[in-house]
Each structure stands twice: as C-alpha cells, then as structure tokens.
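The values are calculated or read from the model by the stated rules, or taken from the named source; none is laboratory data. Remember, predicted model here, so these are calculated numbers, not experimental data. Reconstructed Cβ throughout: ideal geometry from the backbone, glycine too, with neighbour counts over all protein chains shown. Areas reflect the complete protein model, heavy atoms only, side chains present, ligands, DNA and RNA absent. Shrake-Rupley method; radii C 1.70, N 1.55, O 1.52, S 1.80 Å.
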Amino acid sequence: MSGLDEVTDANFEAEVLRADLPVLVQFTADWCGPCRQLAPVLKDIAFAEGDRLKVVQLDVDRNPATTLAHQVLSTPTLLVFRDGEPVRSMVGARPKRKLLEELAGLL
C-alpha cells in the first residue's frame, strides 16, 4: 500500500482501540484512486505528528468485519479513535492543510 502501518480485523482492537495515542485509521482499498492520492498526505502527517497521533490503514476488502462494525460505506473514510472510541469521521481525500485543521482539536 502506501508505507503506512496496516491493521487488520485480527489486530484492530490491539493496535487501534487499545492504543495510548489517538489513532487515525484510513479505510482504503487498492482500487481506490482518492485513497492513493491521500496516502502521501497521511504518511507526511504520520511522520510529523508521530509523537501525538498514530496513523494506520485498513483494507476494506480484506477486513470486512471491522469495515462493517464501523459502518464504513465509502473509501477513503478516515476515522479518528481516542480511548477506543471513534471521535471524528471524515469521508474523501483532502489536502494536508485541511486535514491538519480538522485534526487540530483532537491532538
């Protein structure tokens, strides 16, 4: 995928729900063009904000249980989890500046 850590149905609880930091999960798919456009933005944010935010990807085709559990209907969907709960949902690609603005209150 894009070089971001990938989570799965099997490790979602441990990697996302039990994480010490807020976690931004990109629900993505190999066939999703906007997901590929967003990947370098997320990689930059993961590098710049790694001490305050964990950024991971979940492939919706290979991980249907988590996708259905969080009612993800479109890709890319971005969900931010804090203390095991989703606290922000965003659908669609966006530029880095806009995404950082949307995340500002959560970090």
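Would you mind telling me the share, in percent, of accessible area of the chain contributed by carbon and sulfur at probe 1.4 angstrom?
Ligands and nucleic acids excluded, carbon and sulfur reach 51 percent.
Once the piece of chain linking Lys43 and Glu85 is laid out straight, how much longer is it, given 0.36 nm per residue of separation minus the C-alpha distance between them? Kindly include the intermediate steps, with their values, before the conclusion.
Details: separation 42, 0.36 × 42 = 15.12 nm, distance 2.28 nm.
Using 0.36 nm per residue and subtracting the Cα-Cα distance, I get 12.8 nm.
Rounded to the nearest 5, what % of the DSSP beta bridges within the chain are antiparallel ones? Could the numbers behind the result be given before it?
Values: 11 of 20 bridges.
Bridges in the chain that DSSP calls antiparallel: roughly 55 percent.
What accessible area per residue comes out for the chain, rounded to a whole number of Å², with a 1.4 Å probe? Don't skip to the answer; put the middle values down first.
On the way: 5710 Å² over 107 residues.
On a per-residue basis, 53 Å².
Mind listing the phi-derived Karplus ³J(HN,Hα) values for segment 102-107, rounded to whole Hz, using 6.51, -1.76 and 1.60 with θ = phi - 60°, and x for any glycine or proline?
My calculation for segment 102-107 gives 5, 8, 3, x, 9, 9 Hz in order.
Which is the longest part of the chain that has none of the trypsin sites (Lys or Arg not before Pro) sitting in a DSSP loop with at most 14 other Cβ atoms within 10 Å?
63-107
Just how large is the dipole of the chain about the Cα centre, in debye to the nearest 20, putting +1 at every Lys and Arg Cβ and -1 at every Asp and Glu Cβ?
Once rounded to the nearest 20, the dipole reads 440 debye.
Applying the Karplus parametrisation 6.51 cos²θ - 1.76 cosθ + 1.60 with θ = phi - 60° to the phi angles of segment 63-73, what ³J(HN,Hα) value in whole Hz is obtained for each residue in order, glycine and proline being reported as x?
The phi angles translate into 9, x, 5, 5, 4, 5, 4, 9, 6, 7, 10 Hz.
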